[in-house]
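Trainee: To start, I am sharing the structure in question, which I have written as structure tokens.
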Amino acid sequence: MRRQVILIILLTTCIVVTICITNMGKVGVMTPFTYGEIWMETRRHLQMVLIAEFAVILIGVPLGILVTRQGFRKLATPIVGVANAGQSIPSMAIVAIMVPILGMGFKKVLFIELSVSAIVALSIWGLMPILRNSYAAINNINPAIVEAARGMGMTRGQIARKIELPLALPVIMTGVRVSTVVVVGTATLAALIAAGGLGRIILAGVFSGVPLITLQGAAPTAALAITLGFVLERIESWMTPRGLKVKAGIS
Amino acid sequence: MIRLDNVTKVYPDGTEAVREVSLEVDEGELCVLLGPSGCGKTTTMKMINRLIPITGGAIYIDGVDNTMMDENELRRNIGYAIQEIGLFPHMTVRQNIETVPALKGWPKDKRNKRAEELLELVGMDSAEFIDKYPSELSGGQRQRVGVARSLGADPPILLMDEPFGAIDPITRVRLQDEFLKIQREIKKTIMFVTHDIYEAIKMGDKIALMNMGRLVQYDTPANLLYRPRNEFVEDFVGTDRALKGLQLIKVKEVMTGSPPTVGPDEKAETARVRMEREEIDWMAVVNDKGEFLGWIERMEPGKGEIVRQVMKSSTVAATIDAVLNEALSVMLSSRLNIVAVVDSRNRLQGTLSFDAIQNTLAEVTQREKPE
């Protein structure tokens, strides 16, 4: 409860700061960005994050689960290791490396204009929390529970569906949440390779030496991270089986 | 019926977990697999429902080689109980108990009814507990649910892997007693793994003592105690085997029936005269319902008017169905040489003396000793 109050205060502050700066006529040598521009960059930002997250979930969750399966366990250490390494590379470096490989700016993919470089970079950066959590979620299920299920005659598929997945889902969702929040922040770097997003406003402020403009980009970024974090936390809680939430009443 | 025929388990790295174990558990019998940790007892048990694949020999269930059956079908027909942590935490008590019936495709009505019956069987109120989650139960209650779950589809055979392991000693004894009572009704063929020799003696019709993957002795608890086959058995049983043997004898087998009694409202003088005449030192005081109230000792004349005024009230008593070491512990903790024996409604049934325990024990050890 208390945490929620703090979150709401933070969120309100971010929004109020953004509104105040946007409504100023002139800030130092610059005119602040308009609501229209902020809205557009927020949308681009969100688009980047969501597409990257979607890709990461699609790759990370199955991969994380796969390496807990019999016959694939030997792959666990190298794969989790690579994902760890992916995150230990500075985010800026990942973004920069993508440019010579995938190019700057936007490309039309299907029917949307996307910065492929930015999305791939963000996916690499966001993969680790999801991969690691998916792996740990399955791996940390008490082996006695799985063995009991086996001993009672559940097939492999039934164990995966009825036992492992429901027990692992909350932990996997924590990974998704952590990854999303981290990626929202990292996505500001996409502006460096002309991929737009709220980072563009931040950079404009940095290069012209007007801190308030930087803040005009940073505050909505923070608001976005807080909101997404909150929404995902609700989903996480909704996905947690009731039996794992209720605590001993009698003992 | 379960028959193990030269059962062997060798792991790919060459470790011999189980070596040529042969034994037979008759229908309705409870066989305890006992031994120090790492002796292969759990491995042996898990080969029965094929959680661990066998590498040599064969296991027959009702005469059929278990590797000939579909492994999931086999497991659904063998109850499996492990420590309380084996319950599914995200499922209610009902869903847990209905696991195997659901796998077998029982209709919902039948499943629900069965779950409620089983919960009552293990001594839990089904209305109160059936929709609770494991995390809302105490350790003892979880173990009860675990036992109920293993009986889900009424399998003829049960495998129990230290089912009362992780639990405080008092609750544990109660669960053991209750389970024995249930077993007398349901008569399942049971393989029960434990490392606790007291539990083994108490629960087992037969005990299979294992060491380093081999079956050392397969025998009744009494024979294991008094006719150890070799030094290992002797050591494992321990030097206090006499004390452990007390587990095997019930109070009612040793007690002396109907002691002299007197009512609480009779005249004290009458009681005194009677004790003098019959040359006895004490009488038990019981009310008209036969309930045990205390003792009266031989006293000087003229002391008190009625028995109630001169008696020593006592609630210390051993129950008639208890085993001797429980009665002995009552006697030791109350410093009595003689203890009253009562039934479950506190009605006096007889007395148990220290001497009687000693004599019985001497007799048993004599009789059971190898020539």
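Trainee: Place a label point 7 angstrom from the Cα of B:Arg214 along the Cα-to-Cβ direction, then list the residues of the range B:222-241 whose backbone nitrogen is under 20 Å away.
Mentor: B:224-225, B:227-238
Trainee: B:Thr67 versus B:Asp154, label points 7 Å from Cα toward the beta carbon: distance in nm?
Mentor: With each label point 7 Å from Cα toward Cβ, the separation is 3.3 nm.
Trainee: Follow-up. Report the paramagnetic label zone for B:Arg298: residues of the range B:252-274 whose backbone N is under 13 Å from a point 7 Å from Cα along the Cα-to-Cβ axis.
Mentor: B:272-274
Trainee: By DSSP, what percent of the beta bridges with both residues in the protein assembly as shown are antiparallel, rounded to the nearest 5?
Mentor: Details: 39 of 62 bridges.
In the protein assembly as shown, DSSP labels about 65 percent of beta bridges as antiparallel.
Trainee: For the range B:1-100, report the accessible area per residue in Å² (1.4 Å probe, heavy atoms, rounded to an integer).
Mentor: Here the per-residue accessible area is 37 Å².
Trainee: Calculate the mean, over all residues of peptide B:128-137, of how many other protein chain Cβ atoms lie within 10 angstrom of the residue's Cβ.
Mentor: 4
Trainee: Under a 10 Å cutoff between Cα atoms, tell me which one of A:Val206, A:Val116, A:Val171 has the largest fluctuation in the Gaussian network model of chain A.
Mentor: Residue with maximal mean-square fluctuation among A:Val206, A:Val116, A:Val171: A:Val206.
Trainee: Under a point spin-label approximation (7 Å from Cα along Cα-to-Cβ), what is the B:Ile170-B:Thr256 distance to one decimal in nm?
Mentor: According to this spin-label approximation, the distance is 3.3 nm.
Trainee: Can you tell me the orientation of helix A:35-66 relative to chain A, as the angle in degrees between its alpha-carbon axis and the longest Cα principal axis, to the nearest 10?
Mentor: 20
Trainee: Ok, one more. Given a Förster radius of 51 Å and the C-beta distance between A:Leu10 and A:Lys74 as r, what FRET efficiency does 1/(1 + (r/R0)^6) yield to the nearest 0.05? Provide the component values of the computation, followed by the final result.
Mentor: On the way: r = 44 Å, r/R0 = 0.87.
After rounding, the FRET efficiency stands at 0.70.
Trainee: Listed highest first by mean packing, meaning other Cβ atoms within 10 Å per residue, what order do B:45-51, B:92-98 come in?
Mentor: The most tightly packed comes first, giving B:92-98, B:45-51.
Trainee: Right, another one. Out of all DSSP beta bridges with both ends in the range B:252-360, state the antiparallel percent to the nearest 5. Before the final figure, lay out the partial values.
Mentor: Details: 16 of 21 bridges.
Roughly 75 percent of the DSSP beta bridges within the range B:252-360 come out antiparallel.
Trainee: Once you've got the Cα coordinates, tell me which of B:Lys41/B:Lys252; A:Lys245/B:Lys41; A:Lys74/B:Lys46; B:Lys267/B:Lys289; B:Lys108/B:Lys132; B:Lys9/B:Lys202 are over 27 Å apart. Mind dumping the intermediate values first?
Mentor: Numbers: B:Lys41/B:Lys252 34 Å; A:Lys245/B:Lys41 36 Å; A:Lys74/B:Lys46 25 Å; B:Lys267/B:Lys289 19 Å; B:Lys108/B:Lys132 19 Å; B:Lys9/B:Lys202 29 Å.
The answer is B:Lys41/B:Lys252; A:Lys245/B:Lys41; B:Lys9/B:Lys202.
Trainee: What's the average, rounded to a whole number, of partner chain beta-carbon atoms within 10 Å of each residue's beta-carbon in B:85-94? The partial results should precede the final answer.
Mentor: Details: counts 5, 10, 4, 10, 10, 13, 6, 2, 1, 0.
Averaged over the peptide's residues, the number is 6.
Trainee: Provide the buried accessible surface between chains A and B in square angstrom, both chains summed, 1.4 Å probe, rounded to the nearest 100.
Mentor: Result for this pair: about 2300 Å² buried.
Trainee: Can you give the angle from 0 to 90° between the axis of helix A:2-23 and the longest principal axis of chain A, with both taken from C-alpha atoms, to the nearest 10?
Mentor: 20
Trainee: Which whole number gives the average count of other chain Cβ atoms within 10 Å of the Cβ atoms across peptide B:69-75?
Mentor: 3
Trainee: May I ask you to evaluate 6.51 cos²θ - 1.76 cosθ + 1.60, the Karplus curve with θ = phi - 60°, for each residue of the range B:248-257 and list the ³J(HN,Hα) values in order in whole Hz, giving x for glycine and proline?
Mentor: 8, 10, 8, 3, 5, 7, 10, 5, 9, x
Trainee: Taking chymotrypsin sites (Phe, Trp or Tyr not before Pro) that fall in a DSSP loop and have at most 14 other Cβ atoms within 10 Å as cut points, what is the longest piece of chain A between them? Walk me through the intermediate numbers first.
Mentor: Details: sites that count: A:Phe72, A:Phe111.
Maximal segment without exposed cleavage sites: A:112-251.
Trainee: What percentage of the solvent-accessible surface of the range B:117-156, computed with a 1.4 Å probe over protein heavy atoms, is contributed by carbon and sulfur atoms?
Mentor: That share works out to 44 percent.
Trainee: Looking at the range B:2-249, what % of its DSSP beta bridges pair antiparallel, to the nearest 5?
Mentor: Beta bridges within the range B:2-249, antiparallel portion: roughly 50 percent.
Trainee: In chain A, carbon and sulfur make up what percent of the accessible area (probe 1.4 Å)?
Mentor: 72
Trainee: List, in order, the whole-Hz ³J(HN,Hα) value for each residue of the range B:339-353 obtained from phi through the Karplus relation with A = 6.51, B = -1.76, C = 1.60 and θ = phi - 60°; use x for Gly and Pro.
Mentor: My calculation for the range B:339-353 gives 10, 6, 10, 10, 8, 5, 9, 6, 8, 5, 10, x, 9, 10, 10 Hz in order.
Trainee: Tell me the per residue accessible area of the range B:230-305 using a 1.4 Å probe; a whole number in Å² is fine. Don't jump to the answer; show the numbers that get you there.
Mentor: On the way: 4460 Å² over 76 residues.
Accessible surface, normalised per residue, equals 59 Å².
Trainee: Given a 1.4 angstrom probe, I'd like the percentage of the accessible area of the range B:252-360 that is carbon and sulfur, rounded to a whole number.
Mentor: On the way: 2910 of 6370 Å².
That share works out to 46 percent.
Trainee: Helix B:268-278: angle to the longest alpha-carbon principal axis of chain B, degrees 0 to 90, nearest 10?
Mentor: It works out to around 80 degrees.
Trainee: Compute the Rg to Rh ratio over the range A:95-251 from the alpha carbon atoms, using the Kirkwood formula for Rh, and round to two decimal places.
Mentor: 1.14
Trainee: What does the highest-first list of B:194-207, B:167-180 look like by mean Cβ count within 10 Å?
Mentor: B:194-207, B:167-180
The values are calculated or read from the model by the stated rules, or taken from the named source; none is laboratory data. Worth saying up front: this structure is predicted, and the values here are computed from it rather than measured. Neighbour counts are summed over all protein chains in view; Cβ atoms, including those assigned to glycine, are modelled from backbone coordinates with ideal geometry. These accessible areas exclude ligands, DNA and RNA; they are computed on the full protein's heavy atoms, side chains included. Shrake-Rupley method; radii C 1.70, N 1.55, O 1.52, S 1.80 Å.
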